[in-house]
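Below you will find the structure I want to go over with you.
The values are calculated or read from the model by the stated rules, or taken from the named source; none is laboratory data. Just so it is clear, the model here is predicted, and its values are computed rather than measured. Using ideal geometry, Cβ is built from the backbone for each residue, glycine included, and neighbour counts are taken over all protein chains shown. These accessible areas exclude ligands, DNA and RNA; they are computed on the full protein's heavy atoms, side chains included. Shrake-Rupley method; radii C 1.70, N 1.55, O 1.52, S 1.80 Å.
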Amino acid sequence: MAKRFTETTIWEDDWFYELSVEYKLFWFYLKDNCDHAGVWKPKTRAFKSMTDVEINLDKALQYFNMGKQRVRVLYNGNWFLE
């Protein structure tokens with residue numbers, strides 16, 4: 001099982017503070033489910049199954065990249081967490 005460090009000051013960042021609870025939860029899901037290089041294959045089925053929360057990936061990208069690019073969409077459609 002991979003161990004991940006979490007930036008504890010994220011709760012003070014305006015972009016994160018302004019997210020709804022659903023998108024905050026999805027941000028942590030992304031960080032915990034990307035590979036060791038920070039790449040995640042976009043699929044929300046597992047997230048929805050575990051949380052019963054519906055996420056719009058286009059909105060998620062817009063919210064996560066508010067003011068600064070945090071997620072880059074790669075040529076193959078995968079997401080890279082910067």
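Within the chain, what whole-number % of the accessible surface is contributed by carbon and sulfur, with the 1.4 Å probe and all protein chains included in the calculation?
It is 51 percent, rounded to a whole number.
Another question, if that's okay. Counting only heavy atoms of the protein chains, get the accessible area per residue of the chain (1.4 Å probe) and round it to a whole Å² value.
Heavy-atom accessible area per residue stands at 73 Å².
Okay, moving on. Under Stokes-Einstein, with the Kirkwood radius over Cα pairs standing in for Rh, what whole-number D in µm²/s applies to the chain at 37 °C and 0.692 mPa s?
247 µm²/s
Need one number: nm distance between label points at residue 37 and residue 57, each 7 Å from Cα along Cα→Cβ, rounded to one decimal.
A separation of 1.8 nm, rounded to one decimal place.
Using each residue's phi in the stretch 58-67, evaluate 6.51 cos²θ - 1.76 cosθ + 1.60 at θ = phi - 60° and report the 3J(HN,Hα) Karplus result to the nearest Hz, with x for Gly and Pro.
5, 5, 4, 4, 4, 5, 5, 9, 5, x
Place a +1 charge on the Cβ of each Lys and Arg in the chain and a -1 charge on the Cβ of each Asp and Glu, then give the dipole magnitude about the Cα centre in debye, rounded to the nearest 20.
400 debye
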